[in-house]
Amino acid sequence: MREKVNHIVNWIAEYSGRAKLKTLVVGVSGGIDSAVVSTLCAESGIRTIPIVMTIRNKDILALEHVWWLEEKYGHNVSRRVVNLEKIFTEIENASKYIGADSELAFANTRSRLRMLMLYQMAQSEKGLVVGTGNKVEDFGVGFYTKYGDGGVDISPIADCLKTEVWKMADYLGISKDIIDAPPTDGLWEDNRTDEDQLGLSYEQLERAMKADESGEIIVDNGLISIVEKFRTIRAQNKHKMSMPPVCSMEKFR
């Protein structure tokens, strides 16, 4: 695990150096992915700004994590905590006024608001917005918000499976409360988990992703069902993983 961690930390440092940017900005939700990424950023030696952005949630684990980062890495970490509830409520009221009151849309608005704050900080501090998505989310099922948490400059763990992230968290000494907490995107007021939304656990998603990529003939009925569910989710979210369709004008040239 040490080699994997060092590889990612060095990659972050080298990329930042080439880009001539001096700050790493990370949104911290209290989940394991953002905890791992913010810690990897702090390990790089580059000034790290972990931001906790509350919208009608307490974010206790997130607050505990950024305090831990500051205590462990000292002046290299400058935590920020901002309450976006008032802004969100204004958007919510305006949306309801025009009849745009989808609960899913409101969940995604939370993510997009946080993205705005991350880029506000990054551009103000000559920094990079660091993504926290893992391989299953980013390239397996597209489990992120378009132009929200999908809007980042670099993605240090996007080639790591969720099970690898759990092991990395343990190696980095991240709080067991965070490691053991059910994965959630923190965008819903009822605190629904990722598994509630996807209908599959990350272990099942990884198993399906590997089977789908290998092209193997699947005979296990249980695995067939999981892979079919995986493919359905992937198909629904594939637009997030591609550039927007462009109307070609080639025939006029």
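Overview of values
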| item | result |
| --- | --- |
| Estimated 222 nm signal from helices in the chain, with DSSP H stretches of n ≥ 4 weighted -39500 (n - 2.57), rounded to 500 | -16500 deg cm²/dmol |
| Cβ-based charge dipole, the stretch 2-192, positive-most Cα from 124, 12, 179 | 124 |
| Set of aspartates and glutamates near residue 146 by C-alpha distance (under 15 Å), chain-local residues within fewer than 8 positions excluded | 137, 138, 185 |
| Candidate values (i) 17.6; (ii) 15.8; (iii) 12.8, label of the one derived for mean projected area of the Cα convex hull in nm² | (i) |
| Net dipole in debye of the stretch 176-253 [+1 Lys, Arg Cβ; -1 Asp, Glu Cβ; about Cα centre; nearest 20] | 680 |
| Unit charges on C-beta of K, R, D, E only; dipole of the stretch 2-192, Debye | 540 |
| ³J(HN,Hα), Karplus 6.51/-1.76/1.60, whole Hz, each residue of the stretch 149-156, x for Gly, Pro | 5, x, x, 9, 9, 9, 10, x |
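Throughout, read-outs are computed from the coordinates displayed, never taken from laboratory work. Just so it is clear, the model here is predicted, and its values are computed rather than measured. With ideal geometry, Cβ positions are generated from the backbone for all residues, glycine too; neighbour counts draw on all protein chains shown.
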